[in-house]
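S.K.: Below is one structure. I have some questions about it.
The values are calculated or read from the model by the stated rules, or taken from the named source; none is laboratory data. Small disclaimer: the values here were computed from a predicted structure and weren't measured. Note that we place each Cβ from the backbone using ideal geometry, even for glycine, and neighbour counts take in every protein chain shown. Heavy atoms of the whole protein, side chains included, go into the accessibility calculation; ligands, DNA and RNA do not. Shrake-Rupley method; radii C 1.70, N 1.55, O 1.52, S 1.80 Å.
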Amino acid sequence: MAAVTMVEAIRQALSEEMERDPAVVLIGEDISVYGGAFKVTEGLLNKFGWERVIDTPISESAIIGAAVGMSYMGLRPVAEMQFIDFLACAFNQMTNFVAKSHYRWGAPVPMVVRGPSGGGVHGGPFHSANPEMYYAHTPGLKVVYPSTPYDAKGLLKSAIRDNNPVLFLEHKFLYRRIKEELPEGEYTVPLGKAIVRREGADLTIISYAAMMHTSLEAAEKLAAEGISAEVIDLRTLMPLDKETILASVKKTSKLLIVHEDTRTGGIAGEIAAMVCENAFEDLDGPIQRVTSLDTPVPYSPPLEERFLPGVPDVMRAARELAQY
Amino acid sequence: MAQTLSREQHLDLYYYMRLNRSLEERMVRLFRQSKIVGGLYSSLGQEGISVGTAYALEARDWMAPMIRNIGALLVKGCKPRDIFTQHMAKYTSPTLGKDGTSHFGDLKTKHIVSPISMLGDLIPVLAGVGIAGRYLGQKIVAMTWIGDGGTSTGVFHEGMNFAAVQRAPLVCVVENNQWAYSTPVKRQVPIRNLAERAKSYGIASAIVDGNDVLAVYQAAKDAVERCRAGDGPVMIEAKTHRMRGHAQHDPAEYVPKAMVEYWTAQDPIGRYEKYLTNAGLWNEKKKAEIDARIERELDEDQKFAEESPLPPAELAEQGVFCDGCHEIKARWERPVEEVTPPRCSIEMDGWTVEDFGQLENIETEKMESVAVSKLAPSDQRSENVSGDAKSGVRSGGQKNTGAKSPARHPLRKGKN
């Protein structure tokens with residue numbers, strides 16, 4: 001089997017789920033004839049027709065709103081945001097309508113909102129967002145942010161089959177940069193389960209999405225220096241896999257969290273608090289974090305490079321923590 | 001026509017309007033006794049809209065009420081105890097005390113979507129309900145309500161436009177009660193009739209006397225039938241007046257006395273009672289029977305609500321996610337083969353711009369002015385536009401060529 005990109009893996013997940021279940025429909029801007037801004041839905045119109053690949057006006061609140069209505073009718077809509085930044089235009093629908101529906105009046109909302117996220121491609125302040133914590137902070141939403149084609153396909157299938165609203169973030173830097181061979185048959189990856197990407201003894205590095213690859217690269221280089229780093233890929237931010245995190249911290253006693261999201265209010269703070277509450281006695285050093293700057297995502301390459309965490313940043317923090 | 005309503009149905013309309021009003025009068029008393037936990041909103045004077053519109057729906061149809069649509073909830077099968085317990089935050093309420101007022105719904109049998117407090121969001125949601133119903137082969141109509149104030153939100157526009165493009169079976173009832181909290185309509189919108197907005201969405205609309213329940217019912221019935229036939233959304237503007245403040249705390253001193261007097265004379269229940277009497281559809285005895293039934297039902301449900309417990313505190317932690325507690329199943333009323341490959345694979349269609357967006361055939365009489373470039377068209381463009389008669393590009397439009405006066409530059413408005 002040929003290796004596939006993340007875009008292809010996501011397309012496969014959509015196509016297979018639409019074949020499996022006629023309740024699965026797609027809705028978004030330019031997703032039918034054009035196949036989406038990043039061509040994720042390319043070819044799906046010809047396979048599944050106009051009723052299941054629904055183009056909309058530039059109306060993010062209408063997209064999310066209509067998807068909610070469809071889900072109340074027993075459908076499982078997958079809404080595409082052309083760029084995830086624009087989900088801010090539907091923030092009210094997401095946080096007040098979608099997220100509170102099951103809690104308030106027992107109406108499940110089995111929908112997925114997916115879209116290209118993250119920086120590193122010089123998209124500037126409005127096409128580079130990592131909005132995970134706005135939504136992870138909102139009770140009622142699940143948030144997934146995969147780092148590999150295999151996980152993207154398996155997690156998206158689980159998200160579509162889940163009875164709850166899932167925000168499925170796709171890192172656009174990874175869309176076509178990594179390829180992976182996928183299994184022939186059907187598989188899913190469960191929501192809410194992190195994975196240990198690399199075993200290690202001296203410290204734990206927790207990351208996800210594009211920064212997972214940065215962390216892995218740093219871990220390889222640290223190994224040459226004699227530092228053994230364990231790398232955990234969160235995959236799902238909400239619900240958070242506390243067990244896997246705590247098991248690793250108990251093993252290595254040192255924790256570094258790396259994310260591309262900005263620093264203040266990022267998930268590193270939440271993980272640090274959770275670890276302090278549950279495994280303080282196991283820690284042999286202060287929990288460290290490597291994150292983006294607390295600024296909007298700047299446009300010009302040298303500025304964005306300064307904004308984003310890089311391999312040297314992760315290595316520096318890991319070294320200091322290992323030596324503590 | 002309204003004449004096709006049977007006597008029973010005519011009396012039904014009265015029953016629901018009177019039930020709506022008596023229920024709310026009781027809740028005002030409960031509010032003053034501090035038995036209502038949160039705010040209390042009144043639909044006094046607007047009962048004819050809630051009842052008349054919802055009465056045009058069938059059991060299979062869907063609706064999403066707003067805060068002043070208790071009458072619509074009653075028509076769709078909710079009981080007074082649902083309203084009492086919701087307002088009193090009781091464990092026996094449809095939301096178990098997790099939300100209040102008319103913020104509840106029923107997906108399974110009554111087909112009611114719960115509103116949220118933010119205005120306008122229900123419109124795309126109900127458009128989605130209608131589109132999903134069409135996809136599933138159900139012949140349903142979705143109805144929702146919004147006030148004059150709510151039509152100023154961005155999502156109102158997004159929802160109406162999207163519904164229009166999709167030709168969704170959506171009836172949007174705009175209750176123009178003249179006040180958005182304290183702000184009069186003319187300080188919200190620079191047009192006299194909110195229904196004029198329908199024109200910009202290319203959809204059908206109607207304006208109706210919101211205090212005439214039969215006129216409201218008729219307009220709603222026509223709209224519902226139109227939607228069911230697949231003719232796209234309809235906007236109904238029902239003119240009425242909010243007879244109390246925004247909520248109980250608001251004495252509404254900004255409303256001129258004469259305006260209240262004018263609308264008091266238009267009371268929808270008083271007018272309808274007169275109509276029933278003049279049409280010989282009831283007598284004093286029948287009215288007394290219905291009123292007694294209403295009081296009996298309200299006594300029972302109010303007692304139930306007052307005696308109901310508040311929810312146990314631990315409930316606060318439960319139900320954020322559906323962990324399998326709900327079965328999600330679409331109700332198919334068409335063969336799924338029609339929407340699964342290979343049968344759903346269809347030819348590309350509807351993705352062309354028929355007249356290329358050309359300037360020549362703009363209907364100037366509908367616009368105050370249309371600016372047309374004075375530059376000569378390039379050869380290629382003129383060939384495209386006028387060269388191929390067989391393409392049909394200008395069919396229809398050609399008849400108009402020359403018949404219309406040339407468009408004027410906007411800066412020359414008012415001069416020839």
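S.K.: Listed residues B:ALA292, B:ALA316, B:ALA330, B:ALA265; which is among the aliphatic types (A, V, I, L, M), under 30 Å from A:ASP30 (Cβ atoms) and at pLDDT 95 or above?
M.R.: B:ALA330
S.K.: Name the residue that is nearest to the chain's Cα centre (by Cα), counting only residues in segment B:82-104 that are among the β-branched types (Val, Ile, Thr) and more than 9 Å from every other protein chain (Cβ to nearest Cβ).
M.R.: Checking each candidate, the answer is B:THR101.
Yes or no, residue by residue, for (1) more than 25 Å from B:ALA330 (Cβ to Cβ); (2) aliphatic (A, V, I, L, M); (3) under 13 Å from the mean Cα position of the chain (by Cα); (4) open to solvent by 10 Å² or more (accessible area, probe 1.4 Å):
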residue: A:ALA90; (1), (2), (3), (4): no, yes, no, no
residue: A:GLN93; (1), (2), (3), (4): no, no, no, no
residue: A:ALA99; (1), (2), (3), (4): no, yes, no, no
residue: A:ARG104; (1), (2), (3), (4): no, no, no, yes
residue: A:ALA107; (1), (2), (3), (4): no, yes, no, no
residue: A:ARG114; (1), (2), (3), (4): no, no, yes, no
residue: A:SER117; (1), (2), (3), (4): yes, no, yes, no
residue: A:ALA129; (1), (2), (3), (4): yes, yes, yes, yes
residue: A:MET133; (1), (2), (3), (4): yes, yes, yes, yes
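S.K.: Scanning for something assigned by TED's automatic domain parsing to the domain that holds B:SER308, among the aliphatic types (A, V, I, L, M) and more than 17 Å from the chain's Cα centre (by Cα), does segment B:110-125 turn up at least one residue?
M.R.: There is no residue in segment B:110-125 that is assigned by TED's automatic domain parsing to the domain that holds B:SER308, among the aliphatic types (A, V, I, L, M) and more than 17 Å from the chain's Cα centre (by Cα).
S.K.: Turning to a different aspect of this structure: I'm trying to understand the selection: among the residues of segment A:72-98, which are closer than 16 Å to B:GLY105 by Cα and at the interface with another protein chain (Cβ under 7 Å from one of its Cβ atoms)?
M.R.: A:TYR72, A:MET73, A:GLY74, A:ASN96, A:PHE97
S.K.: Here's something else I'd like to know. Is it true that A:ILE64 is of a type in the set (Val, Ile, Thr), free of Cβ contacts under 8 Å to residues at least 60 places away in the same chain, assigned by TED's automatic domain parsing to the domain that holds A:ASN96 and not in a helix (DSSP H, G or I)?
M.R.: no
S.K.: Here's another thing I want to ask about it. Filter segment B:122-153 down to the residues that are open to solvent by 10 Å² or more (accessible area, probe 1.4 Å) and of a type in the set (D, E, K, R) and list them by number.
M.R.: Passing the criteria: B:ARG134, B:LYS139.
S.K.: Of all residues in segment B:23-36, how many are open to solvent by 10 Å² or more (accessible area, probe 1.4 Å) and either part of a helix (DSSP H, G or I) or modelled with pLDDT under 95 (or both)?
M.R.: 7
Each row is one residue, and each column tells you yes or no for (1) within 24 Å of A:GLU29 (Cβ to Cβ); (2) open to solvent by 20 Å² or more (accessible area, probe 1.4 Å).
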residue	(1), (2)
B:PHE162	yes, no
B:GLN166	yes, yes
B:VAL171	no, no
B:LEU194	no, no
B:ASP212	no, yes
B:ALA215	no, yes
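S.K.: Give the residues of segment A:147-173 that are in a loop (DSSP other than H, G, I, E, B) and more than 11 Å from the chain's Cα centre (by Cα), sorted by residue number.
M.R.: Selection gives A:ASP162, A:ASN163, A:ASN164, A:PRO165, A:PHE173.
S.K.: Which pairs do you get when a residue that is at the interface with chain A (Cβ under 8 Å from one of its Cβ atoms), found in segment B:105-134, comes within reach of a residue that is open to solvent by 20 Å² or more (accessible area, probe 1.4 Å) and outside any loop (DSSP other than H, G, I, E, B), reach meaning Cβ atoms under 6 angstrom, with the pair 6+ apart or on two chains?
M.R.: B:GLY105/A:TRP105; B:SER114/A:TRP105; B:ILE116/A:ASN96; B:MET118/A:ASN92; B:MET118/A:ASN96; B:ILE131/B:GLN166
S.K.: Then there is this: For segment B:49-68, indicate whether the set of residues that are within 20 Å of B:GLU300 (Cα to Cα), outside any loop (DSSP other than H, G, I, E, B) and among the aromatic types (Phe, Trp, Tyr) is non-empty.
M.R.: No, segment B:49-68 contains no residue that is within 20 Å of B:GLU300 (Cα to Cα), outside any loop (DSSP other than H, G, I, E, B) and among the aromatic types (Phe, Trp, Tyr).
S.K.: Among the residues of segment A:1-23, which ones are facing another protein chain (nearest Cβ under 10 Å) and either on the phi > 0 side of the Ramachandran plot or surrounded by 17 or more Cβ atoms within 10 Å (Cβ to Cβ) (or both)?
M.R.: Of everything in segment A:1-23, those that are facing another protein chain (nearest Cβ under 10 Å) and either on the phi > 0 side of the Ramachandran plot or surrounded by 17 or more Cβ atoms within 10 Å (Cβ to Cβ) (or both) turn out to be A:SER15, A:MET18, A:PRO22, A:ALA23.
S.K.: Does B:TYR262 satisfy being part of a helix (DSSP H, G or I) and open to solvent by less than 50 Å² (accessible area, probe 1.4 Å)?
M.R.: So B:TYR262 does not fit the description; no.
S.K.: Right, next: Assuming B:LEU74 fulfils every condition listed in (1) away from chain A (no Cβ under 12 Å); (2) among the hydrophobic types (A, V, I, L, M, F, W, C); (3) closer than 21 Å to B:ALA168 by Cβ apart from one, which condition is it?
M.R.: The one condition B:LEU74 does not meet is (3).
S.K.: Please find, among A:GLY106, A:GLY69, the residue that is modelled with pLDDT of 95 or more, facing chain B (nearest Cβ under 10 Å) and farther than 22 Å from B:ILE131 by Cβ.
M.R.: A:GLY106
S.K.: All but one of (1) open to solvent by 60 Å² or more (accessible area, probe 1.4 Å); (2) within 14 Å of chain A (Cβ to nearest Cβ); (3) part of a loop (DSSP other than H, G, I, E, B) hold for B:ALA330; which doesn't?
M.R.: Only one criterion in (1) open to solvent by 60 Å² or more (accessible area, probe 1.4 Å); (2) within 14 Å of chain A (Cβ to nearest Cβ); (3) part of a loop (DSSP other than H, G, I, E, B) is unmet by B:ALA330, namely (1).
S.K.: Restricted to segment A:25-50, and to residues that are at the interface with chain B (Cβ under 10 Å from one of its Cβ atoms) and of a type in the set (Val, Ile, Thr), which residue is most open to solvent (accessible area, probe 1.4 Å)?
M.R.: A:VAL33
S.K.: Here is a list: B:ALA132, B:ALA163. Which entry is in the same structural domain as B:ILE112 (by TED's automatic domain parsing), closer than 20 Å to B:ILE116 by Cα and modelled with pLDDT of 95 or more?
M.R.: B:ALA163
S.K.: In segment B:182-227, how many are over 23 Å from B:LEU13 (Cα atoms) and in a helix (DSSP H, G or I)?
M.R.: Selection size over segment B:182-227: 9.
S.K.: May I pose another question? Taking the condition of being over 18 Å from B:PRO115 (Cβ atoms), in contact (Cβ under 8 Å) with a residue 12 or more places away in the chain and small (Gly, Ala, Ser), how many residues in segment B:26-58 meet it?
M.R.: 4
S.K.: Would you mind finding the one in B:PRO115, B:PRO80 that is closer than 21 Å to A:ALA62 by Cα and surrounded by 22 or more Cβ atoms within 10 Å (Cβ to Cβ)?
M.R.: Testing whether each residue is closer than 21 Å to A:ALA62 by Cα and surrounded by 22 or more Cβ atoms within 10 Å (Cβ to Cβ) leaves just B:PRO115.
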